[in-house]
1. Tell me the net charge near Gly21. Cut-off is 13 Å between Cβ atoms, Gly21 excluded, with +1 for each Lys or Arg and -1 for each Asp or Glu.
2. Averaging over every viewing direction, what projected area does the convex hull of the Cα atoms of the chain cover, in nm²?
3. Under the definition of Cα pairs under 8 Å and six or more residues apart, what whole-number percent is the relative contact order of the chain?
4. Taking the Cβ of Arg49 as the centre, find all other residues whose Cβ is under 15 Å away and add up their charges (Lys, Arg: +1; Asp, Glu: -1).
5. Can you give the charge dipole size of the chain about its Cα centre, rounded to the nearest 20 debye, using +1 on the beta carbon of Lys and Arg and -1 on the beta carbon of Asp and Glu?
6. Excluding Gln3 itself, what net charge comes from residues whose Cβ is under 14 Å from its Cβ, given Lys and Arg +1 and Asp and Glu -1?
7. Fully extended, how many nm does the chain gain between Asp35 and Ala19 (0.36 nm per residue separation, minus their Cα-Cα distance)?
8. Name the longest site-free stretch of the chain, where the excluded sites are trypsin sites (Lys or Arg not before Pro) in a DSSP loop with no more than 15 other beta-carbon atoms within 10 Å.
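The values are calculated or read from the model by the stated rules, or taken from the named source; none is laboratory data. If you're wondering where the values come from, they're calculated on a predicted model, not measured in any experiment. Glycine also receives a Cβ, built like all others from the backbone with ideal geometry; neighbour counts cover every protein chain displayed. Only protein heavy atoms, including side chains, enter the accessible area calculation; ligands, DNA and RNA are left aside. Shrake-Rupley method; radii C 1.70, N 1.55, O 1.52, S 1.80 Å.
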Amino acid sequence: MIQFKLEGEFIPLIQLLKAMGLVGTGGDAQAAVMDGLVKCNGEVEFRKRYKVRVGDIITFGQDKIEVI
């Protein structure tokens, strides 16, 4: 599991995917979310502007990100 240190209250889901290097572009991140490939706390998340906060676990393929 990868850890991501959140600076601030939240980070939009697509920005997190880009920041972690899991996608190449914002468009790739949006497509992944809209295709149902991203889970937030175990549930598929279709909102690309979902606000990821401390304590959330994001799953994308084989990668898991713990937001701390």
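1. The answer is -1.
2. Across all orientations, the chain yields a mean hull projection of 3.8 nm².
3. It comes to 40 percent, rounded to a whole number.
4. On the way: positive: Lys18, Arg47, Lys48, Lys51, Arg53; negative: Glu9, Glu45, Asp56.
Counting the neighbours of Arg49, the net charge comes to +2.
5. Numbers: 9 positive and 9 negative charges, 27 e Å.
Once rounded to the nearest 20, the dipole reads 120 debye.
6. Value of the local net charge: -2.
7. So the extension gain works out to 3.8 nm.
8. On the way: sites that count: Lys5, Arg47, Arg49, Arg53.
Between exposed loop sites, the widest span is 6-46.
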